[in-house]
Amino acid sequence: MKSIVLSFIACLALGTNFCLCDDIKTDEGVLVLTKSTYEKALSENEFVLVEFYAPWCGHCKALAPEYVKAAKALEEKGSAIKLAKVDATEENELAEENQIRGYPTLKFYRQGKAIDYSGGRTADDIVNWLLKKTGPTAKTLETAEDVKKFAEEFEVAIVGFFQDADSDAAKEFLKSAGSIDDYPFGIVSCAEVAKANDVEGDAVVVFKKFDELRNEQTADLTEESITKFVKSSALPLIIDFNHETAQKVFGGEIRSHVLLFLSKEAGHYDKYLPAQKTLAGNYKDRVLFVSINTDDEDHNRILEFFGMKKEEVPAARLIRLADEMAKYKPTTDVLEGDGSTMKAFVEDFLEGKLKQHLLTQELPEDWDKNPVKVLVASNFDEVALNKDKDVLVEFYAPWCGHCKQLAPIYDKLGEKFKDHESIIVAKMDSTVNELEHTKINSFPTIKLFKKGDNQVVEYSGERTLEGLSKFLESDGSYGQATPEQAEEEDEDDDSPKKDEL
C-alpha cells in the first residue's frame, strides 16, 4: 500500500497522468481487452487487430477458432502483430466509441491509428492480410530453398519469377501484389532459382495445396491480368460455401456461379464432385462452381431463395449475380454421368441460350375472395396490368418483420377500397414469385400500377392507413418515391440484400 501511495505522489510531482491500469489478460494467445486495458494494448503494441464480437453471434462463433489459429501462427513466426478481442455486449462504451454496428467487426491499429479490416475469415486469410499491411507487398526470395519454404508455409502462395526485377512485368506484378490482401506474394529475379522451379522467362506461379497444385501465367503480365489470374487460380475448382468462403464466393470477380446442392450425409459429395471438378477446371475464369451442403440448417434460406425443398437434393442451379440474381434451372439431370450434361448446360448459358427460371406458386382458388387480392407470378400481369384499374401491390416476405407490422393496416386498406370501381389492393409473396419485368430487392416494397399506360409508381411514405389512402386517392402523387429512392435499398427494412442469399 505504501509503494502505491509513493508512486501516486511521485506521479503528481512529475505532473504525469496516473492510471492504475489492469493487466491485459489473454485467451489462447488472443488479448482480451476491456475499457481499462484498450489504450494500454494499443500503446504497447505497434500492430493490433481487434475483433469486436457478441457471444451469441453465429459468425463470431465461426470466426473464433480461426482467430486463435491466426494468433498462434503469428506468434510462431515471431511477429510483433497482436490479435485482440472485445466483448461488445459487455464493453458497451468501448463499442460505441468505435462505432460498432454489427458483429464481428474487426479494426486494425498501426501505431494507434485504425483502419477497417477487409480480409477473409480463415486463419490464413487473417495472417496474409496482416503481413501485407505490415511488410513489403512481395517478399524477396533469393534461393530455391526460399521458394520451397514459402510455398510450403501457406495454403496458397504466389511467386513472380522475373529476369529483371526492374522490368515492366515485375512492376505490374508488384502492383497486383499490393491490391490483393488474401494471399502472400514472393518475387524472384535469379535465373538459377527460376530454372530450379521449371520456369523459363517471366512468369507468375500460383502454388497451392489442392487441385492442380500449381498454375502458371507467362503472357499478358499486366496488373489487371495477373490479378484476375491469381484470384481465379487461388480458389478451389469447386469451392464449398460456408461462413469463411462466403466473401470469396460473392465478392470475387467471377459473377456467374454453378451451385451444386448436395448432402454430405447422403454421400453426394463423393458421388458427384469428381466429375464436376474435372469440368469446373475448364470454366474457372468464367464460371465458379460452388457446393452447398444442404445438411447445414444455415443453408435453408438459400434453398428457399431458389424455391427448392430438401427433397429435390441433389440438384443444381446456375446464377448470374450481375443481373439481379438471374437464376437458371436445368431441364435435365446435370449431375449424373461424366459431366457432359452439365457442360451442355453451362455452354448454353454462356451462349445466352437459356431462359431465366422464375419462381411461381400455384394460383389459389380463392385468390380474389378477400378485399386484398392474392397475386402469384402466373396471374400478376392479368390483374396488375389491367389498363382499366389502378392496382396497388405490396411485395412482401413472410418472415419480414416490417411486413408483419404492415399486414393489419394493409388489410384495412383493402377493406376501405374493396368496392371502388377502379382501384384494386393486392399483395404478392416475392420470396416464391418472380417477375421478369419487376425486380424486388427489399421488403416490403409497395408499387402502384396505374390504369391506362401501366405507369409504375413506388410508395415511400408512412406505412399508415392514412398515408396509403392518400397515395391511392392522389393517383400516386402523395408519398411517391423519387427515382433515387426507388433504386436504393430501404435501410429501414429487415430484408437481406439479395447478394447475401
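The values are calculated or read from the model by the stated rules, or taken from the named source; none is laboratory data. For clarity, every value in this text was computed on a predicted model and none was experimentally measured. Neighbour counts are summed over all protein chains in view; Cβ atoms, including those assigned to glycine, are modelled from backbone coordinates with ideal geometry. Protein only, heavy atoms only, side chains kept; ligands, DNA and RNA dropped before computing areas. Shrake-Rupley method; radii C 1.70, N 1.55, O 1.52, S 1.80 Å.
Fully extending the segment from residue 43 to residue 114, taken as 0.36 nm per residue of separation minus the present Cα-Cα distance, adds 24.3 nm.
Within 15 Å, Cβ to Cβ, of residue 117, how many net charges do the neighbouring residues add up to if Lys/Arg are +1 and Asp/Glu are -1? Residues close to residue 117 contribute a combined charge of +1.
By how many nm would the segment from residue 155 to residue 140 lengthen if fully extended, with 0.36 nm per residue of separation less the alpha-carbon distance? Going from the current span to full extension adds 3.5 nm. Once backbone amide H atoms are built at 1.01 Å from N, residue 105 has 52 as its partners under 5 Å, excluding neighbours fewer than 5 places away on the same chain.
Loop sites by DSSP among the trypsin sites (Lys or Arg not before Pro) of the chain, restricted to those with at most 13 other Cβ atoms within 10 angstrom, leave 388-496 as the longest stretch without any of them.
For region 67-149, GluC sites (Glu not before Pro) meeting the loop criterion (DSSP other than H, G, I, E, B) and having at most 10 other Cβ atoms within 10 Å: none. Inverting the pair-averaged 1/r between distinct Cα atoms of region 337-448 gives 15.9 Å as its Kirkwood hydrodynamic radius. Would you mind working out the accessible area per residue for region 391-458, using a 1.4 Å probe, and quoting it in Å²? I get 43 Å² per residue for region 391-458. Cβ under 14 Å from residue 274's Cβ, residue 274 left aside: what net charge do those residues give with Lys, Arg +1 and Asp, Glu -1? In short, -2.
By the gyration tensor of its Cα atoms, with a ≥ b ≥ c the square roots of the eigenvalues, what is the shape of region 295-338: rounded for a/c under 1.5, prolate for a/b over b/c, or oblate? Oblate, because a/c is 1.5 or more while a/b does not exceed b/c. Shape index of region 290-393: Rg/Rh, with Rg the Cα radius of gyration and Rh the Kirkwood radius from the inverse mean 1/r over Cα pairs, equals 1.07.
Solvent-accessible surface of region 175-243, averaged per residue with a 1.4 angstrom probe and all protein chains in place: 45 square angstrom.
Recomputing Rg/Rh (Cα atoms, Kirkwood Rh) from the coordinates shown identifies the correct label among (1) 1.03; (2) 0.97; (3) 1.06 as (3). Among the listed pairs 208/310; 231/343; 387/418; 40/61, a Cα-Cα separation exceeding 30 Å is found for 208/310. Candidate cross-link partners of residue 412 among the lysines, defined by an alpha-carbon separation under 17 Å and a same-chain spacing of 8 or more, comprise 369, 373, 404, 427, 470.
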